[in-house]
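Worksheet for the structure shown next.
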Amino acid sequence: MDKQKVLDAIFNDDEFDILNVKPKVSSAKNEEERLLASFAEINEFVSKNNKEPQANPSNIAEFQLYSRLKKIRENTEKTALLENQDVHGLLSIEKKEINSLEDIFNDDTFDLLDDDTDLFDFKHTPKDYDRAATDFVARRKPCKDFHKYEPFFKQVQKDLVEGKRKIVEFNENHQNEGRYFIHNGILLLLEKTIDVKKDKFGKLDGRTKIIFENGTESNMKLRSLFKNLFTNGQSITDDLTKVNENFIEKFSNITEEDEEAGFIYVLKSKTKDERILAIDNLFKIGYSKDTVEERIKNAEKDPTYLMAQVRIITTWKCYNMNPQKLEQLLHNFFGKACLNIDVFDENKKRHTPREWFIAPIEVIEQAIELIISGEVVDYKYDEVSFVIVKR
């Protein structure tokens, strides 16, 4: 039998149209159709609510539309494809160049910055959180006479660039009025402390007058200032050249009536001992009745000089005073920064020299000035920050 006739007979005898199978049409949308459909939902939302979808976390559906619109705007191919469907002008937003704070506020499309609350008003902060205790609630306000301070801020910045001042780790002892600090990259001046007294924990506290280099000022609590500086702040040292000028002035105006008493000197070791080479700002502070050059002739054979030759950093000829007493006062002042290391002489005998101290030369000079003026009783050496601070 002819196969074709058999098949024809079968299909012709299909009483219930079982064999009349039509090709299945896929209901799946392609990528372009999905894009058109998703943008149609955005258009529908704008038509219904008369606004663009916002990043509203309390409304998931709106947030999804916001995210979708954002991604479309970032894709030039998609925006071009949807140009004819953009009935609300959602995709024709001009990109603005942002060069200043004014540009940011002028470009506030969604009124995100249109808020009459203060920068320091915390709507969602628990009421029992005592913001006043940490006292950045002591809000900054414009400094009306900032023109008086501005030149000094510029000079401090210049001094830092030129190395006349240094940025050091903040220490609570750095509470001198007139001292400069850095907090979050902003330079500030502790101009004044007011009604300072010990709190219940024995810590000094009181109001302050603080001037910031951005032209604002604050009267925050002293403890609050310290807490913030501890968290993200540094101290700035005094102008080292001014310290040196004052020091030199103290030793000027010597006359024939003044009695020469000897020399105070500062030396640096030329040792090749790796233990000593690794220590910065290590100096020997000593006294000599004779010239320093004569005193250090055989330094490489003397444990006092770390069994190595030394270099003279500076010397002072003393008049009308006991230089040995000055030497002792300096050793006491820098006592916590005294080098603690053993050296061995030519006979293998162990020695522990006690005249070597870790302190910058400018700080040593400042200490001598304070000793001569008698003010040293009000100060101490901070061996961590390498600066002199008030007690």
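What the table below lists for this structure:
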| read-out | value |
| --- | --- |
| Members of region 196-234 that are surrounded by 13 or more Cβ atoms within 10 Å (Cβ to Cβ) and charged (D, E, K, R) | Asp205, Arg207, Lys209, Glu213, Glu217, Lys221, Arg223, Lys227 |
| Residues of region 269-299 satisfying the condition of being farther than 20 Å from Asp382 by Cα, among the polar types (S, T, N, Q) and under 43 Å from the mean Cα position of the chain (by Cα) | Ser269, Thr271 |
| Failed item in (1) farther than 26 Å from Ile372 by Cα; (2) outside any loop (DSSP other than H, G, I, E, B); (3) touching a helix residue (DSSP H, G or I) at 6+ places or on another chain (Cβ under 8 Å), with Glu300 passing the rest | (3) |
| Selection within region 76-91 - assigned to a helix (DSSP H, G or I) and either closer than 10 Å to Leu36 by Cα or basic (Lys, Arg) (or both) | Lys78, Leu81, Gln85 |
| Ile285 surrounded by 15 or more Cβ atoms within 10 Å (Cβ to Cβ), in the same structural domain as Val384 (by TED's automatic domain parsing) and outside any strand (DSSP E or B) | no |
| Unique match (being surrounded by fewer than 10 Cβ atoms within 10 Å (Cβ to Cβ) and modelled with pLDDT of 85 or more) among Asn20, Asn50, Asn12 | Asn50 |
| Enumeration of residues in region 269-280 that are surrounded by 15 or more Cβ atoms within 10 Å (Cβ to Cβ) and farther than 14 Å from Lys297 by Cα | Thr271, Ile276 |
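The values are calculated or read from the model by the stated rules, or taken from the named source; none is laboratory data. Quick caveat: nothing in here was measured; it's all calculated off a predicted structure. Cβ: placed from backbone, ideal geometry, glycine included. Neighbour counts: every protein chain shown.
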